[in-house]
1. Could you estimate the translational diffusion coefficient of the range 45-96 from the Stokes-Einstein equation, with Rh from the Kirkwood formula over C-alpha pairs, at 10 °C and 1.306 mPa s, in whole µm²/s?
2. Enumerate the calculated ³J(HN,Hα) couplings along the range 235-242 in order (Karplus 6.51 cos²θ - 1.76 cosθ + 1.60, θ = phi - 60°), each rounded to whole Hz, writing x wherever the residue is Gly or Pro.
3. Quick one: which residues, 5 or more positions from Ile174 or on another chain, have an amide H under 5 Å from its amide H? H modelled 1.01 Å from N in the peptide plane, none for Pro or chain starts.
4. Taking the Cα centre of the chain as origin and charging only Cβ (+1 Lys, Arg; -1 Asp, Glu), how large is the dipole, in debye to the nearest 20?
5. Could you tell me the extents of the range 124-179's C-alpha atoms along the three principal axes, largest first, rounded to whole Å?
6. In debye, nearest 20: dipole of the range 3-119 around its Cα centre with unit charges on the Cβ of K, R (+) and D, E (-)?
7. Collect residues whose amide H, placed 1.01 Å from N in the peptide plane, falls under 5 Å from the amide H of Met225; neighbours closer than 5 in sequence don't count.
8. Let me check I've understood the local charge: for Gly227, count other residues with C-beta under 11 angstrom from its C-beta, Lys and Arg +1, Asp and Glu -1. What total comes out?
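Read-outs: derived from the displayed coordinates by stated rules, not from any lab. Nothing here was measured: the structure is a model prediction, and the numbers come from that model. Cβ placement follows ideal geometry from the backbone for every residue including glycine, while neighbour counts extend to all protein chains displayed.
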Amino acid sequence: MLHFLRMSAIEIRNLHAGIADREILRGLNLTIPKGEVHALMGPNGSGKSTLSKVIAGHPDYTVSGGEVLLDGENILGLEPDERARKGIFMAFQQPGEIPGVTIANFIRAALQARLPDGAELDAVEYYQRLYQEMDALKMDRAFTSRAVNDGFSGGEKKRDEILQLAMLRPPYAILDETDSGLDIDALRVVADGVNRLRGPELGALVITHHQRLLNYIVPDRVHVMVGGQIVRSGGKELALELEARGYDWVSGAL
Ligand code: ADP
Ligand code: MG
């Protein structure tokens, strides 16, 4: 019966974290239930990317209080790869380049890592699925033999990110968008990808500075972060209100 008490969600409770001795997240509370798409908005420097890195387990950040529960289990003591295997997919604002590792091999290794010991991914089925997903994303097949993010344009990085998401089908995804540098086509790729994967099996947090992306991904909930805390939460109309009134309006709520 215990599992009835556990929520299928990422639950962030009173999270305090920072870098060196500087606190950036200051008592943050946020729940992303499976089956919902939430948007996280906030002015530059409010700590949005820090939150995604702390959830991922980035070694530069120190957690000084609170917890991050994944389906009821605190993951803060786990290594980044364990968190990923438990089902948290991360797309960073500045994704790293992995010279020498092709996209096809990278995604294959990520899928293989989730299989039980001794199980082998079927190569033929893998490539069939990969090409299906690439066709859906209108990606050229030559793309698979390029090294991950090596010399990619902003739009190519986003396509690669959504391809990974589509192939891995994680229960939870956190997408930190540099929409400042994204043209409308790249925004559409992200939005179409998220919308296609939306459903009861996915909980997603879409981090964005601008309201623009949310014209394409209509979120179930919108949260506004200022100064390392969630200062306001609401429905999709909150994004429009922010667009009209600016972040000063919510900052005043602090
Ligand atoms: P956002 O993504 O909302 O723009 P960030 O999480 O990137 O905000 O940054 C929050 C604050 O933490 C900023 O003041 C930023 O300068 C600081 N910060 C983030 N990462 C680092 C870092 N690696 N070293 C020093 N300060 C950092
Ligand atoms: Mg950021």
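1. 137
2. Along the range 235-242, the couplings run x, 4, 5, 4, 4, 5, 5, 5 Hz.
3. Here Phe89, Met90, Ala91, Leu205 satisfy the definition.
4. So the dipole magnitude of the chain works out to roughly 380 debye.
5. 34, 29, 18
6. Here the size comes out at about 240 debye.
7. Amide H neighbours of Met225, under 5 Å, 5+ apart: Met41, Gly42, Val231.
8. Computed value for this residue: 0.
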